[in-house]
Amino acid sequence: MSTQETTTKAATDFDLTPPDPVPTVAPEKAAGLVPVAEEKKSKLDEKVDGFVADLVAEDANSPAFGEKVDQITRMGQEQIRAAAAMSNRFLDRPVRAMDQETGVGNDLMDLRKTVEDLDPGRKGKLRGRKLFGIIPFGNKLNRYFDSYTSAQGHIQAILERLASGKKELHEDNAAIDVERQKLWEAMGELEQMIHIAKTLDERLEEKANELDATDPAKAKALRESALFYVRQRTQDLLTQMAVSVQGYLSLDLVKKNNVELVKGVDRASTTTVGALRTAVTVAQAMTNQRLVLGQITALNTTTAGIIDST
């Protein structure tokens, strides 16, 4: 029985390895995580230089100057909305594998409990009483094999649900790959806007310093309006980038969890159920062997008794 117990126990101990938790990404460290080509940066820098030149050329009190500042306040709004929509769409998706009442995780637990309940190694001696103290008989053994037979339908139903759940997990991972690609593209757009914002900050600071001596009023306007809003938008962009990076890493975590659950389904459908059937077959064979040996012993005893009486 020890061999049966060891085999079944090893098969029912689902060794699923959880991925490492998603690291926290601070906004100030979010910039630069998605690479931007140097050629692209050069083109963005040219746009920034042109914008700063146009802004400085306007009178600080003119509507045109105010319109330029308003453009700064709207900088990156489209990219932030797009990236936020990506994250929200994923969070709205049900994670089937993590459902507490249904799904693969619950079916694995159900199968494990069923296998453990049927493990002959946990049933102790199945032989029951012996006729004349030699031949095994009784209902304990029959009840065990009857329970195993009746549980086959339940086990098969679990395996079918697991097969369906495995298919859903593969579909989830395929969808996650698509989501990650789209989110990566959105993060690339955010990264470009962050580069623009930081470059604009540098150029405006430099221009304000230059104007301190010649046009202090315009230098003050640049700092108190344009530069103020640039830094505000930079922080908004960095915050959204941090959220998007966190979401990107979370998608990878969910995918790894799904992969581990698929491994669990494969083990449950093959090794675990196979180990149970092997253990039951061995138990049945050993019981039949003991029955035959008991009958032979009884026959030999009867024969010896007859010989002694003659």
*Name the one entry in Val265, Val243 that is surrounded by fewer than 21 Cβ atoms within 10 Å (Cβ to Cβ), over 30 Å from Val56 (Cα atoms) and touching a helix residue (DSSP H, G or I) at 6+ places or on another chain (Cβ under 7 Å).*
Val243
_Candidates Arg112, Arg81 - the one that is modelled with pLDDT under 95, more than 20 Å from Asp236 (Cα to Cα) and among the basic types (Lys, Arg)_ = Arg112
*Select from region 16-54 the residues that are among the acidic types (Asp, Glu) and modelled with pLDDT of 85 or more and write down the one among them that is surrounded by the most Cβ atoms within 10 Å (Cβ to Cβ).*
Asp45
*Within region 174-190, restricting attention to residues that are more than 26 Å from Met75 (Cβ to Cβ) and of a type outside the set (A, V, I, L, M, F, W, C), which residue is surrounded by the most Cβ atoms within 10 Å (Cβ to Cβ)?*
Glu179
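The values are calculated or read from the model by the stated rules, or taken from the named source; none is laboratory data. Computed from a predicted structure; not experimentally measured. Every residue, glycine as well, gets a Cβ built from its backbone with ideal geometry; the counts of neighbours run over all protein chains shown.
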